[in-house]
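Working notes, beginning with the structure itself.
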Amino acid sequence: MNNPSQDNNAPRHSDLPLPDYDHLPVATLPTRITGLTESDVQQLTSYEKAHGNRLPVLQVLEHRLQALQNGAEPSGSQTPPTPEVSGGQGPQQPASVPGPPVNPPSQGVPTNPAQPR
């Protein structure tokens with residue numbers, strides 16, 4: 001049985017102008033779509049309505065679509081980098097830098113009962 005909310009004319013995930021669109025954090029979406037054309041944003045809107053239908057995402061897409069229809073120009077990179085979804089790896093950790101040596105207090109270690117305070 002088909003899902004009634006699915007649109008057979010909706011673009012496929014592989015045809016979307018943003019790589020890994022489904023995995024992008026909603027908060028980064030406004031900056032991710034600034035380089036897209038009006039037809040690209042319409043494509044994302046159609047896909048979102050047919051699949052996730054998330055209100056906050058649709059609001060961002062529709063706001064950008066209105067701006068483009070009112071004369072705004074795409075700016076920035078058409079395909080900005082997506083470090084949030086780069087191969088499932090976590091953020092790069094800096095090399096471990098040793099700190100100063102830890103010396104117990106002269107009166108002993110309070111957590112060690114063998115060394116009275």
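The values are calculated or read from the model by the stated rules, or taken from the named source; none is laboratory data. Bear in mind that the values here come from a model prediction, so they are computed numbers and not experimental data. Reconstructed Cβ throughout: ideal geometry from the backbone, glycine too, with neighbour counts over all protein chains shown.
Worth pointing out:
- Any chance residue 62 is at pLDDT 95 or above, in contact with a helix residue (DSSP H, G or I) (Cβ under 8 Å, 6 or more places away or on another chain) and either closer than 20 Å to residue 9 by Cβ or assigned to a loop (DSSP other than H, G, I, E, B) (or both): yes
- The residues of the range 7-55 that are assigned to a loop (DSSP other than H, G, I, E, B), under 17 Å from the mean Cα position of the chain (by Cα) and charged (D, E, K, R), listed by number, are 20, 54.
- If you check 76, 87, 52, 35 for being farther than 20 Å from residue 14 by Cβ and either at pLDDT 70 or above or not basic (Lys, Arg) (or both), only one passes: 76.
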